[in-house]
Amino acid sequence: MTIEAGNKISVHYTGTFENGEVFDSSKESSPLSFEVGAGQMIQGFDQAVLGMKQGESKKFTLAPEEAYGPRNEELLIDIPNANFPEDLKLEEGMMLQMTNQDGQPVPATVAEINEESVKMDVNHPMAGKTLIFDIEIVEVA
């Protein structure tokens, strides 16, 4: 069966950055299962499995626009120090969970600590990165 939108599939994958660093893999655990075209995966991954068959393997590269999008410098926001708990020891690179205006959780990274405020980066941590995937289709339903 050839994979098309609406199929439920399971894949084993290894994701790497351009420098070869592995950022995620299912090889030591269960395969990843999802419905193709249902918006559960990044756009480029969804597109890459179309036309494949069970047992088939493939390696593909996704530009930032096909993955988590380009970095947006407007998503670096200054938050007054008073908005953080006094006992929280902030460090650059630290990941925090923030909340947007709609009450939705938003992961953010401490980008810079200043005297009066903290610059938080609310870009997705993989925004602006080219991603390389090596996948194997385990099951097609």
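The values are calculated or read from the model by the stated rules, or taken from the named source; none is laboratory data. This structure is a prediction, so every number in the text was calculated from the model and none was measured. So basically every Cβ, Gly included, is an ideal-geometry build from the backbone, and we count neighbours across all protein chains shown.
Miscellaneous remarks
- Residue within the range 74-85 that is touching a strand residue (DSSP E or B) at 6+ places or on another chain (Cβ under 7 Å) and among the polar types (S, T, N, Q) present: yes
- Residue ID - nearest to the chain's Cα centre (by Cα), chosen from residues in the range 47-82 that are in a strand (DSSP E or B) and surrounded by 14 or more Cβ atoms within 10 Å (Cβ to Cβ): Leu62
- Pro70 meets the conditions (1) without any contact (Cβ under 8 Å) to a residue 12 or more places away in the chain; (2) in contact with a helix residue (DSSP H, G or I) (Cβ under 6 Å, 6 or more places away or on another chain) in every case but one. The failed one is (1).
- Qualifying residue in the range 24-33 (condition: under 19 Å from the mean Cα position of the chain (by Cα), outside any strand (DSSP E or B), modelled with pLDDT of 95 or more and closer than 22 Å to Val122 by Cα): no
- Yes/no for Phe17 being touching a Leu at 6+ places or on another chain (Cβ under 9 Å), surrounded by 10 or more Cβ atoms within 10 Å (Cβ to Cβ) and modelled with pLDDT under 95: no
- Contact map, the range 81-107: residues that are over 19 Å from His124 (Cβ atoms) paired with residues that are loosely packed, with under 10 Cβ neighbours inside 10 Å, Cβ distance under 7 Å, separation 6+ or inter-chain. Pairs shown: Asn81/Glu116.
- Subset of the range 127-141 that is part of a loop (DSSP other than H, G, I, E, B) and among the aliphatic types (A, V, I, L, M) - its residue that is surrounded by the most Cβ atoms within 10 Å (Cβ to Cβ): Ala127
- The residues in the range 92-126 that are among the hydroxyl-bearing types (Ser, Thr, Tyr), surrounded by 13 or more Cβ atoms within 10 Å (Cβ to Cβ) and over 12 Å from Leu75 (Cβ atoms) can be counted, and the count is 1.
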